[in-house]
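Written below as structure tokens is the structure these notes are about.
Just so it is clear, none of the values below were taken in a lab; they were calculated from the coordinates. Here the structure is a predicted model, which means the values were calculated and not measured. Note that we place each Cβ from the backbone using ideal geometry, even for glycine, and neighbour counts take in every protein chain shown.
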Amino acid sequence: MGSCSSHAARIPDVDSIQRETGFSQASLLRLYHRFRALDRNKKGYLSRVDLQEIGALAVNPLGDRIIDSFFPDGSLQLDFPGFVRVLAHFRPVDVEDHGNRDPQEPEPLNSRMNKLRFAFQLYDLDRDGKISRHEMLQVLRLMVGVQVTEEQLESIADRTVQEADEDGDGAVSFLEFTKSLEKMNIEQKMSIRILK
Amino acid sequence: MFLLLPFDSLIVSLLGISLTVLFTLLLVFIIAPAIFGVSFGIRKLYMKTLLKIFAWATLRMERGAKEKNHQLYKPYTNGIIAKDPTSLEEEIKEIRRSGSSKALDNTREFELSDIFYFCRKGMETIMDDEVTKRFSAEELESWNLLSRTNYNFQYISLRLTVLWGLGVLIRYCFLLPLRIALAFTGISLLVVGTTVVGYLPNGRFKEFLSKHVHLMCYRICVRALTAIITYHDRKNRPRNGGICVANHTSPIDVIILASDGYYAMVGQVHGGLMGVIQRAMVKACPHVWFERSEVKDRHLVAKRLTEHVQDKSKLPILIFPEGTCINNTSVMMFKKGSFEIGATVYPVAIKYDPQFGDAFWNSSKYGMVTYLLRMMTSWAIVCSVWYLPPMTREAEEDAVQFANRVKSAIARQGGLVDLLWDGGLKREKVKDTFKEEQQKLYSKMIVGNHEDRSRS
């Protein structure tokens with residue numbers, strides 16, 4: 001009859017995933033259940049189509065870009081560790097982390113820098129480390145659809161790039177991006193709390 | 001050879017006696033009350049006993065999990081993430097405010113930080129969205145001794161396993177044959193009864209008999225599923241010339257409603273057993289059956305329904321406007337067809353208690369026969385039916401608004417989540433028009449400001 005039993009021990013490599021992402025066992029269990037629920041054909045991995053079928057994601061103007069961030073480097077299959085790795089960027093920042101973090105260890109996935117990096121790559125399609133005016137225009141076009149004219153959009157894109165661009169190369173690098181957002185409470189705005 | 005004969009006849013006579021006893025018991029305790037519409041209260045007692053056993057079973061599992069120092073998987077029906085119910089505009093304004101060192105000035109059109117809103121919203125829907133979870137069976141908070149609902153299989157002690165085994169024995173070897181026998185009786189009585197009534201000349205006597213044959217057979221089917229139904233507000237029951245709409249969870253909804261009222265059914269003509277039942281039923285009283293080709297023609301459907309509704313001597317129509325089975329935690333978009341006809345609408349809310357047996361038909365997972373077998377091997381089907389006061393379409397609202405109003409009333413009464421999503425999302429992708437709405441909202445924010453600037 002297909003019991004949907006899920007136990008932390010059933011999740012493959014649960015310890016390494018926990019270390020890498022910082023999610024608690026309870027949260028991982030919930031995410032694993034969600035992963036299995038999205039995997040409608042029980043393939044064991046997710047494809048683009050599985051994510052596209054989420055109605056609320058399909059109506060999000062940046063839906064496709066968000067889905068792309070789960071499939072880096074042209075991969076077609078998303079396994080559970082990959083799924084959780086991306087979601088880990090949105091884990092709320094633990095205040096205790098900063099105190100006793102070993103400086104030798106890599107930065108946690110949900111650090112401020114990594115959250116900013118995630119947002120940056122939604123703009124930077126070709127992954128060249130800079131948001132060109134063209135890329136800015138593309139994202140704007142996604143967010144407004146057909147509601148705004150080309151001229152208005154171009155002027156908005158121009159203004160935005162000009163304001164953030166400090167070294168005058170006509171594009172926004174990652175450092176310029178972080179500088180323009182240094183006052184933003186990224187930790188709160190890019191965090192999703194999983195209920196216990 | 002000769003030694004076997006007395007044994008043979010002994011076995012045969014024993015068999016005969018037990019069958020007769022069983023049949024008499026069946027007749028007295030189940031079929032006779034069904035005919036007269038009374039109840040001995042056996043099912044309610046059964047329900048109470050089961051509840052006590054389930055609570056005990058869950059406690060044992062929790063204890064087992066604690067001993068191993070693990071977490072028991074507890075499902076959340078309200079979603080697994082914390083969400084703030086703010087609008088697009090509010091959120092983006094707040095994001096901008098938190099990042100801007102200047103005083104809040106409205107001349108800012110677009111900010112690099114605006115993307116955070118869409119990004120986070122998108123991630124939230126990936127972690128937990130309102131629709132995906134409506135098309136699989138509702139998860140239970142405590143275990144009901146059925147392996148199909150067990151998420152914590154490894155915490156079962158020996159005692160629980162024995163209890164579960166006993167449950168399997170009772171359900172498969174005692175309840176299942178009993179229920180199949182009852183179902184068989186119910187359906188054959190329906191077919192035979194309605195055919196016989198069909199031969200009578202039209203008149204009050206025929207109507208009277210037809211009503212009671214229908215009711216009796218549906219009541220037997222209700223007992224075949226061990227359905228324990230509580231009806232509320234029966235004074236609001238649908239009358240002739242009206243349309244009864246209800247939320248749809250399974251094909252059993254029809255049996256549940258029709259065992260308490262006399263309705264005209266609407267549906268497609270099927271082949272096989274269903275077709276036989278349909279043809280027999282229509283002899284006794286006018287149901288509305290459509291050929292497969294006619295179903296596509298919306299005008300034809302609307303026309304026939306309107307004709308039926310305008311004839312006050314005809315029975316109220318029973319319709320499920322969601323168009324597909326939803327898992328009884330929410331109500332999805334109602335199709336506007338039945339709300340355009342202009343008849344009085346009698347909303348009915350049906351809420352199942354999944355503890356005793358989940359009635360949701362996951363048609364992508366199970367076929368009809370597997371589904372019925374699962375139904376008949378559950379403990380019971382427990383549900384509440386609320387008859388809501390009748391509603392009519394008001395002058396200023398169109399069919400869609402009327403449909404949404406009725407849907408909200410049903411959702412509120414049944415304690416279900418009211419969703420605007422189309423149940424057709426089970427099989428199809430969402431339309432692009434919804435994305436345009438989001439884009440419109442955002443554009444107003446960034447271009448609306450621009451217009452203000454150019455004006456000043």
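Descriptive notes on the structure:
- Chain A shape via C-alpha gyration tensor axes, a/c threshold 1.5: oblate
- Whether chain B is rounded, prolate or oblate, judged on the alpha carbon gyration tensor where a/c under 1.5 counts as rounded: oblate
- Relative contact order (percent, whole number), segment B:137-265, Cα cutoff 8 Å, 6+ residue spacing: 24
- Each Lys and Arg Cβ is given +1 and each Asp and Glu Cβ -1; about its Cα centre, the protein assembly as shown then shows a dipole of about 3920 debye.
- Shape of segment A:114-195, Cα gyration tensor, a/c cut at 1.5: oblate
- Rounded to the nearest whole angstrom, the semi-axes of the ellipsoid equivalent to segment B:234-321, taken from the Cα gyration tensor as √(5λ), stand at 19, 17, 13, largest first.
- Exceeding the 28 Å Cα-Cα cut-off - candidates B:44/B:283; B:68/B:365; A:115/B:429; B:121/B:429: B:44/B:283; B:68/B:365; A:115/B:429
- Spherically averaged projected area in nm², based on the convex hull that wraps the Cα atoms of the protein assembly as shown: 40.0
- Listing B:91, B:291, A:154 from fewest to most neighbouring C-beta atoms within 10 Å gives B:291, A:154, B:91.
- When the trypsin sites (Lys or Arg not before Pro) in segment B:306-338 are filtered for DSSP coil states and for at most 11 other beta-carbon atoms within 10 Å of their beta-carbon, the remaining sites are B:312.
- Pairwise centroid distance, computed over Cα atoms, of segment B:323-392 with segment B:10-56, Å: 27
- Our summary gives chain B a relative contact order of 19 percent, counting only alpha carbon pairs under 8 angstrom and 6 or more residues apart.
- Total charge dipole magnitude, chain B, about the Cα centre, Cβ charges on Lys, Arg, Asp, Glu only, Debye to nearest 20: 1280
- Over chain A, relative contact order from alpha-carbon pairs under 8 Å, at least 6 apart, %: 21
- Furthest towards positive pole of dipole, B:301, B:250, B:319, structure part segment B:156-430, Cβ charges: B:250
- Only aspartates and glutamates eight or more places from residue B:335 in sequence, or on another chain, were considered; those with a Cα closer than 16 Å are B:297, B:322, B:397, B:398, B:418, B:422, B:428.
- Karplus-derived 3J(HN,Hα), 6.51/-1.76/1.60, for each residue of segment B:11-24, Hz, glycine and proline x: 4, 4, 5, 4, 4, x, 5, 5, 5, 4, 4, 4, 5, 5
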